[in-house]
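Notes for the one structure printed next.
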Amino acid sequence: MTTLIFIFEDIAIGMVKITSLCTDCVQVITNPLCPYCFSRHVVTWLRDKKLPEYRLKRVKQLLRSLVLEAEETPADTKCIVCGSQRVNLCTYCITNRVTAIIEKNTSRKVVRNFEEDFDTIVWRI
Ligand SMILES: [Zn+2]
Ligand SMILES: [Zn+2]
């Protein structure tokens, strides 16, 4: 539950209505990738990490709340993958958010793996 509360607190603090800026760090979003597409990558990536089912479920749930948050945040930045206008976080911040989720729900090894893989994946997209 702590992660979820943390996320909601963040929304309240980060209510910046300037749409093409990241709602977390208020930098211009370059390389826009929506939380939905990012989450899909994460879930695919997690498949061979052999997480217990309940852990995987929890991660998916938390990722889903990231996506919902993005859908509720006014944004006019289009995702470079799916084209929908729900990009509210820059690549840096969304990676941070997802890293926090992975950290809470997986092992240190998976986190390290995630950081290595997503550094390259994100910048290649
Ligand atoms: Zn940001
Ligand atoms: Zn997308």
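The values are calculated or read from the model by the stated rules, or taken from the named source; none is laboratory data. Predicted model, so just to flag it, every value in this text is computed and none were measured. Counting neighbours? That spans all protein chains shown, and the Cβs are built from the backbone with ideal geometry, glycine included.
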(request) Please verify whether region 104-124 includes one or more residues that are within 16 Å of ligand 2 (Cβ to nearest atom), among the aliphatic types (A, V, I, L, M), closer than 21 Å to Cys22 by Cβ and modelled with pLDDT under 95. (result) yes
(request) Keeping to region 1-52, report how many residues are part of a loop (DSSP other than H, G, I, E, B), among the basic types (Lys, Arg) and modelled with pLDDT of 55 or more. (result) 1
(message) What's the total number of residues in region 37-72 that are within 18 Å of Leu89 (Cβ to Cβ) and either touching a Cys at 6+ places or on another chain (Cβ under 7 Å) or of a type in the set (S, T, N, Q) (or both)?
(response) 4
(message) What pairs come out if I take residues in region 24-48 that are within 17 Å of Val110 (Cα to Cα) and pair them with residues that are part of a helix (DSSP H, G or I) and among the small types (Gly, Ala, Ser) whose C-beta lies under 7 Å away, six or more apart or interchain?
(response) none
(request) Take Leu68 and decide whether it is free of Cβ contacts under 8 Å to residues at least 24 places away in the same chain and within 13 Å of the chain's Cα centre (by Cα). (result) yes
